[in-house]
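K.L.:
The structure is given below, and queries will be raised subsequently.
What follows draws every value from the coordinates through simple rules; no lab data is involved. All values reported here derive from a predicted model rather than from experimental measurement. Cβ sites come from the backbone with ideal geometry, for glycine too, and all protein chains shown count toward neighbours.
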Amino acid sequence: MRTLILLLALASLAGCNRISLDRHLDEAYKHYNAGDCDQALLDLSRAERTSRSRSYVQPEISLLRGQCLERQNLFVDAAQTYEFIINRYPGSEYAYRARARLETLRQLGHHQASEPAKATPASL
């Protein structure tokens with residue numbers, strides 16, 4: 001009987017965690033659509049903390065974060081966020097969207113395609 005109660009308690013906590021993640025993500029989209037990126041970023045941080053065991057949600061959170069950074073004219077940070085998505089989740093739908101956002105930033109003159117670092121010898 002104790003085992004059954006313990007299992008039910010653990011199952012309800014896991015459900016609450018998922019509901020909390022959904023709520024924070026929904027709130028982030030709501031605030032983003034209303035133009036309140038500061039609150040959207042706060043909700044995204046809350047969703048990210050809740051979703052640590054659900055890595056499949058991370059690219060969605062990162063893409064919305066990048067879009068908020070763009071709205072705040074933080075283009076370098078937005079580009080780095082998009083590059084993170086592309087490098088970490090290369091085959092995902094969000095990587096495709098991140099590439100499109102980077103191309104848009106490039107066309108608007110807010111981002112240049114990064115070149116690989118060049119090694120040069122130190123002068124003595």
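K.L.:
In terms of the Cα gyration tensor, with a ≥ b ≥ c the square roots of its eigenvalues, is region 18-107 rounded because a/c is under 1.5, prolate because a/b exceeds b/c, or oblate?
P.N.:
Judged from the Cα gyration tensor, region 18-107 comes out oblate (a/c at least 1.5, b/c at or above a/b).
K.L.:
Using only alpha carbon pairs under 8 Å that are at least six residues apart, calculate the relative contact order of region 18-107 and give it in whole percent.
P.N.:
Worked out over region 18-107, it gives 21 percent.
K.L.:
So, one more: Suppose each label sits 7 Å from its Cα in the direction of the beta carbon; what would the ALA100-GLN112 distance come out to in nanometres?
P.N.:
2.7
K.L.:
Tell me which trypsin sites (Lys or Arg not before Pro) from region 51-110 have a DSSP coil assignment and no more than 12 other beta carbons within 10 Å of their own.
P.N.:
Here the sparse-neighbourhood loop sites are ARG52, ARG54.
K.L.:
Given a Förster distance of 25 Å, report the FRET efficiency between ARG88 and SER45 from their Cβ-Cβ distance, rounded to the nearest 0.05.
P.N.:
So, using R0 = 25 Å, E works out to roughly 0.90.
K.L.:
Still on this structure: Take VAL76, VAL57 and order them by how many other Cβ atoms sit within 10 Å, fewest up front.
P.N.:
VAL76, VAL57
K.L.:
With θ set to phi - 60° and the Karplus curve 6.51 cos²θ - 1.76 cosθ + 1.60, what are the ³J(HN,Hα) couplings of region 63-74 in order, to the nearest whole Hz, using x for Gly and Pro?
P.N.:
For region 63-74, the Karplus-derived couplings read 5, 5, 4, x, 5, 5, 4, 4, 4, 8, 6, 9 Hz, x marking Gly and Pro.
K.L.:
Please give the net charge around TYR94, taking every other residue with its beta carbon less than 13 angstrom from that of TYR94, where Lys and Arg add +1 and Asp and Glu add -1.
P.N.:
Within the 13 Å Cβ shell, the charges total +2.
K.L.:
Something else now. In region 18-107, if the dipole is taken from +1 on Lys/Arg beta carbons and -1 on Asp/Glu beta carbons about the Cα centre, which of SER92, LEU64, THR81 is farthest to the positive end?
P.N.:
Sorting the options by dipole projection puts first SER92.
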